[in-house]
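The values are calculated or read from the model by the stated rules, or taken from the named source; none is laboratory data. Predicted model, so just to flag it, every value in this text is computed and none were measured. As a convention, Cβ positions derive from the backbone with ideal geometry for all residues, glycine included, and neighbour counts pool all protein chains shown.
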Amino acid sequence: MDVLPIFLNLRGREVIVLGDGEAAAAKARLVVAAGGIIAGEDATDPVAAFVGIDDEAEALAAAVRLRARGMLVNVVDRPAASDFLMGAIIDRSPVVVAVSTGGATASLSRALRGRLEALLPASLGALAAAIGSARGAASARHPSMADRRRLWERALTEGGMLDPLRAVTDAGAAVAAAIAGGSAAVTEVLVIPVTSTDPGELTLNQLAALGRCDALVVEGDVPPAVTDRARRDAVRLDTLAPVEGLTVVLQVREHKS
């Protein structure tokens, strides 16, 4: 990972935006959309700064001045001179997805955003808000953290009651119906053959299982790129043993060249 993706809470906070062209105006619109306050270079307590000045020398000089004040600075269209980068944004608030190529190619970021936009239904934001509002009801019916994790994983899986890639007309009713369902653990074992060093060779279902497994067994020299796809707090076992929930066994098979 070349850059750390961070989502900043700008609500009610000052953000410096310099420049009078479209580049600066575009960044100003984003700041306002996120609840931030547009400020000039004389701002007393800014959280970050955007420099959208066309003249390169002037833009770099402004970035040096701002950075000397301890601010993180984005110099529009000049990633090498920036402390943080802006990705291509998909807004399904409160769900926000940003795609970045580390400044290598904005065209690829935009292309990926377009493909992802087609996958994410307009109702996704309402679904996220409904789940957030139902935390109390979920805790009351499913008291343990493990129960609630299983509840949401089952509901949000592909084809589940709350499949996030499927449009819903009444998010609140759908979430209530999911909470009314069961969350009891079911002992499962899934063996995934690993035939490549590339985790992209795994199926979507296999990747989903890795992401929600309760225990992980690694048999053979499984590449870190594959084991890293497993749920981070899953129990690591040396050998297969009975564990409540889903145990994934990664088995090395003959690798593809």
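Side notes on the structure shown:
- Odd one out for Ala171 among (1) in contact with a Gly (Cβ under 8 Å, 6 or more places away or on another chain); (2) of a type outside the set (Val, Ile, Thr); (3) over 30 Å from Ala39 (Cα atoms): (1)
- Taken over the stretch 9-21, the criterion of being surrounded by 11 or more Cβ atoms within 10 Å (Cβ to Cβ) and at pLDDT 95 or above is satisfied by Leu10, Arg13, Glu14, Val15, Ile16, Val17, Leu18, Gly19.
- Filtering Ala208, Ala225 for residues that are surrounded by fewer than 18 Cβ atoms within 10 Å (Cβ to Cβ), under 25 Å from the mean Cα position of the chain (by Cα), more than 21 Å from Arg154 (Cβ to Cβ) and of a type in the set (A, V, I, L, M) leaves a single hit, Ala225.
- Within the stretch 225-248, the only residue that satisfies the criterion of being in a loop (DSSP other than H, G, I, E, B) and among the hydroxyl-bearing types (Ser, Thr, Tyr) is Thr239.
- Residue within the stretch 180-188 that is surrounded by 12 or more Cβ atoms within 10 Å (Cβ to Cβ), within 26 Å of Arg92 (Cβ to Cβ) and modelled with pLDDT of 90 or more present: no
- Checked across the stretch 142-158, the condition of being more than 22 Å from the chain's Cα centre (by Cα), closer than 27 Å to Gly181 by Cβ, surrounded by 15 or more Cβ atoms within 10 Å (Cβ to Cβ) and modelled with pLDDT of 90 or more holds for at least one residue.
- Cβ-Cβ under 9 Å pairs, at least 6 apart or on other chains, the stretch 219-238 side under 17 Å from Ala208 (Cα atoms), far side exposed (fewer than 10 other Cβ atoms within 10 Å of the Cβ) and of a type in the set (D, E, K, R): none
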